[in-house]
1. Run the numbers on chain A and let me know its relative contact order in percent, using alpha-carbon pairs under 8 Å that are six or more apart.
2. Rounded to the nearest 0.05, what FRET efficiency do B:K81 and B:T171 give with R0 = 25 Å and r taken as the Cβ-Cβ distance? Could you check?
3. Based on the Cα atoms of the range A:192-421, what semi-axes does the equivalent ellipsoid have, where each is the square root of 5 times one gyration tensor eigenvalue, given in whole Å with the largest first?
4. Given the options B:H219, B:H330, B:H166, state which has the largest fluctuation in a GNM of chain B using a 10 Å cut-off (strictly under) for Cα springs.
5. How far apart, in nanometres, would the label points at A:Q178 and A:E251 be if each is projected 7 angstrom from Cα along the Cα-to-Cβ direction?
6. Please average, across the residues of A:359-367, the number of beta carbons from any other chain that are within 10 Å of each residue's own beta carbon, and give a whole number.
7. Within 10 Å, count the other beta carbons around each residue, average over each peptide in A:338-349, A:229-240, A:125-136, and list them highest first.
8. How long are the three semi-axes of the equivalent ellipsoid for the range A:134-253, computed from the Cα gyration tensor as the root of 5 times each eigenvalue, in whole Å, largest first?
Amino acid sequence: MKGAVFMFSKAFSAAVHGIDGLIVSVEADISDGLPLFDMVGYLGSEVKEARERVRIALKNSGYMLPAKRITVNLSPADIRKEGTAFDLPVAIAILAAFGYIPEESLKDTLIIGELSLNGNINKVNGVLPIVYSAKQQGFLKFIVPKENAREGAVVCGAQTYGVTSLNEVVSLLNNNNQVEPECVDIKELFEHNEMAENIDFSEVAGQMAAKRAIEIAVSGMHNILMIGPPGSGKTMLAKRIPSIMPELTFEESMEISKIYSIAGLMDNKALISKRPFRSPHHTITQTALTGGGRLPKPGEISLAHLGVLFLDELPEFQKNTIEVLRQPLEDKSVTIARLNATYRYPAGFMLVAAMNPCSCGYYPDRNKCNCSINLVKRYLNRISQSLLDRFDICIEALQMNYKELQTEQKQESSDDIRRRVSIAREIQLKRYEGQKIWFNSQLTPRSIKKYCKLEPKEQSLLEEAFIKMNLSARAYHRILKVARTIADLEGSEQIHTKHISEAICYRSMDQKYWGE
Amino acid sequence: MKFEEYNYWLANLDKIGPVKIEKLIHYFEKAEHIFHASKNELMAYIMNGYDNRGKLTETDIDNLMNSRDKEKIKKNYDKLKNQGIYFVSKEDSRYPINLKNIYGAPFALYIKGKLPEEQKKKIAVIGARECSAYGKEMAKYLAGALAGEGIEIISGLARGIDSYAHEGALTACGVTYGVLGCGIDICYPKENINLYMEMQKDGGIISEYAPGTRPLAGHFPMRNRIISGLSDAVLVIEAKEKSGSLITVDMGLEQGKEIYALPGRATDRLSEGCNNLIKMGAKLVTTPKDILEDFIPNYGQKVVESKKNNKLLETKGKIVYACLSLEPKHIEEIALETNLPLDALMEQLVLLELQGFVRQAMKNYYVTRE
């Protein structure tokens, strides 16, 4: 090989895999032969198209490519590469191979970005999970599109440079430091968020029972079903649920932000600092709900991770669409299997659903409702019993009357409720320390025995209710879990009769209590 | 062929209903004579002709002549017996006298179980299919209380009030009869199959339609005349302004029966029919006593159980119970009225429910239990 030109360089980039970043090394080789620009490494069509974007962007940025044979390889070569984030690293690797950039400056630098034909750099999705994973694998310097720079900068200890053009990157890598690493004040970010909060529970008049039920549901992360006539304030209540959830910790915020980053929903924000509230329309498809697609993307249930997934008009959803919720509700994550890989997205959401009692909405008010009992039953039957079983708490919201709407009585604010919820949550965290349980709703029948011990008096009440009210074993466990949360809210270690009674009132619907 | 078999043949002729049959029987005296009558005799009957009502046409006569297949009639009649269905025609001594005298009385009845007994008092309890919780509770309560006193409850085995009246009577171990608008072997609506089976044990199912007749809309107003005809009085639980139940009432009035009605609030559409009946002179019923005193001599002397239960021990429970009625009330409304905190209120409600004083009408709505 004497006399032959031997130029090789290697840059690092990353792809999103599930909610993690996967390091991809971009190798460029320049050799003699017919002038050719070839890219290999199991590429998706948008990655193959990078060839044209890179060639023209290089030309428009003032670099003339000599007539050589250029081969680019993206490794590991057995994982399919998708997306446009490889444009920039490919261009950089080629420039390094031609000697425009010192090889050593690429060593611990991770580069991502999409190129425009004029050499500008456009934003990409998934910067946060990539930076987060790469940081753990020892990368220190990150070159990302300017619009995504704030996302990357929240990762502790990562030097993230936001760049706008190819030339800027070249000079940055040649150590002509005009670009400063992006800097985000996380503390300020969280404080600022509190100011923006503008919906509050104090705006909802009346609905004491529903508010109380929601408070309990949030405390123990129980799923809740609200039933009520149109205009009784179900949606209004649901929208305010995030406002009484404990504030996000940095780790939680990070977890949510990673998902939003992959979905491309960051909107130039550094972190998602508010509890998510997702309320998909009932025409949503299965894939949009759980995530998926040819290139898997997180769905609504993952976007609602650590927040609230609100399904308004539950019976109007396609039956098979809501039934897919069952497994994620148990596992707190959703697994999407594809031929090439299996992706796992977190889905630890609190399910809040609302529905009318019948198709006209006014049952049992016979002055307004003309539905026959069978019609009412059929309406309810659109939801399977197994899904109903996932709701620990079920509450009927009452039609508001004028007097209640006019009341001057001061309503409790979200802050007050949140304080109680936070205390109840802390009690739970402490109790279940070291186990894979965080909330009462996650208790299994075995752990219920351990943590929901009853005194003889309580035992006999529950036994009587079990027989007289025809409860199922499932309902029995749900009542205990909810009673545990109610006791926690009161700061009582022992579950008392009144806690059990209240839980019985909230027990999820048995079909026989409907239009009998 | 036997006497009843001739009647069975007559009852099942196409396009020949109770009025035509009555005229025929009046002329020929016996079904057997009609069966054996020659065409000339029948034509002569037409010529003699009475008035237009119940007049036979020539096609009717052809029908009549062509259906004289003894084998087939016998086979069908035996089949009825095998199915446990009784056939009682108007010519039969077992035919209820109450019914015999009404206009358009059915020529024949099909029965599963038994017919109402003549010496017993009978009352028709009727009302809306789409009833309220109030109507439901009251129908069960009144029918149960009346049946408990030995009064037989007659209704139409339809959805809503009819079913609850039957149910109330059965729970009180009383006797109840259902009059169907379809063939006796068809349970319509299907969900009433339990009632349908249960009623046959002590009471019975009655229909004027031959087995296999489908429940057509036109049949139901017709069977109402049997409901009122069999009974001594009619009690209307809930009826809208234009309700099918009012047809039964009209027929009952024609037949000279006493009408009772359960009042409702002026604004309740489901009670408009009842309230109008009361305006027109129907007797207002709030307790079973209102009916029983008309049915049973010296009933007033008996001690009537007080309506509200006083067996409750705890005062909180009393407060909660006092604010409940047969109208479903939401937890929130109860909380506002009693001024109890939610957790204490729920504790009381669960206790009351377990003790059997209240019932959850639907999720979070409570009613008292009578």
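Each value in this text was obtained by applying a stated rule to the coordinates, not by laboratory testing. This one's a predicted model, so the numbers in the text were calculated from it and none came from an experiment. Glycine gets a Cβ as well: all are built from the backbone with ideal geometry, and neighbour counts include every protein chain shown.
1. Working: 988 pairs, mean separation 67.4, N = 516.
That works out to 13 percent.
2. Values: r = 32 Å, r/R0 = 1.29.
Computed FRET efficiency for B:K81 and B:T171: 0.20.
3. Values: eigenvalues 184, 123, 34 Å².
Each semi-axis is the square root of five times an eigenvalue, giving 30, 25, 13 Å.
4. So, out of B:H219, B:H330, B:H166, the one fluctuating most is B:H330.
5. Here the modelled spin labels are 4.3 nm apart.
6. Working: counts 0, 0, 0, 0, 2, 11, 2, 15, 7.
Partner-chain Cβ atoms within 10 Å, mean over residues of A:359-367: 4.
7. Values: A:338-349: 17.8, A:229-240: 19.3, A:125-136: 25.2.
The densest-packed peptide leads the list: A:125-136, A:229-240, A:338-349.
8. On the way: eigenvalues 421, 43, 30 Å².
The three semi-axes for the range A:134-253 are 46, 15, 12 Å.
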